[in-house]
Amino acid sequence: MSNPPSVLFVCLGNICRSPLAEAALRDAAHTHSVPIDVDSAGTGNWHVGEPPDRRAQAVARANGCDIAGLRGRQVQREDFYRFDHVIALDHDNLRNLEAMRPEGSPASLSLLLDHVPGRRGEAVADPYFGDAGGFDETWSDVTQGAQAILRTLAQRS
Ligand code: 4NP
């Protein structure tokens, strides 16, 4: 494992769920003084170079995180060598990552909520086509995931 450990969160557009997961883990790691490299990406390319969705920015801000400076990017094959943990937000993205993952690459691949006791196999629902309330649910899910990942990584370091 690299030092510090590195985590890449992946959703579809990289403008809603994975930037929020990135912010939640970075914030929790900072609070607990655990060094972790965190980034996010999308399997799709529609929002490359764009800031997070304004509803995602709003829920992050309401929870003390500024994500306005993040920009969308598409996941690359090299990411499976750059990151220790590549973590998908839902099953479609996990399947796409499994398909593109270079054989023998070292990254572990998982679903975010697999890390949360009692929530194994659950997806973080896509809030993009819903209302603002969906983003509160996203924040709750990614916060649970981030805290569980932090606990695991802090035990290993
Ligand atoms: P995300 O949400 O995968 O959580 O960033 C989406 C963002 C954009 C689209 C779909 C989901 N889209 O279809 O453009």
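Only the coordinates and a few stated rules stand behind these numbers; no lab work does. This is a predicted model, so every value here is computed, not measured. We place every Cβ from the backbone using ideal geometry, glycine too, and count neighbours over all the protein chains shown.
A few notes on this one:
- Cα gyration tensor shape of the range 39-86, rounded if a/c is under 1.5, else prolate or oblate by comparing a/b with b/c: oblate
- Mean residue ellipticity (222 nm) of the chain, computed from DSSP H runs ≥ 4 via -39,500 (n - 2.57), nearest 500: -12500 deg cm²/dmol
- Size of the chain from its Cα atoms: along the principal axes, largest to smallest, the extents are 40, 34, 31 Å.
- Relative contact order for the chain: 27 percent, from Cα pairs under 8 Å spaced at least 6 residues apart, divided by residue count.
- When each of the peptides 24-32, 113-121 is scored by how many other beta carbons lie within 10 Å of its residues on average, the order from highest to lowest is 24-32, 113-121.
- Packing-based ranking of 8-19, 80-91, 43-54 yields 8-19, 80-91, 43-54, ordered from highest to lowest mean Cβ neighbour count within 10 Å.
- The range 74-157: GluC sites (Glu not before Pro) falling in loop per DSSP and having at most 12 other Cβ within 10 Å: Glu78, Glu103
- Put simply, the amide H of Gly72, placed in the peptide plane, has neighbours under 5 Å in Gly49, Glu50, leaving out anything fewer than 5 places away on its chain.
- Proximity of backbone amide H atoms, modeled 1.01 Å from N, is registered between Ala88 and Val10, Ser110, Leu111, Leu112 at under 5 Å, excluding neighbours fewer than 5 places apart on the same chain.
- The stretch between Arg95 and Ala62, if pulled fully straight at 0.36 nm per residue, gains 8.7 nm over its current Cα-Cα span.
- Cα gyration tensor, the range 98-154 - rounded (a/c under 1.5), prolate or oblate: oblate
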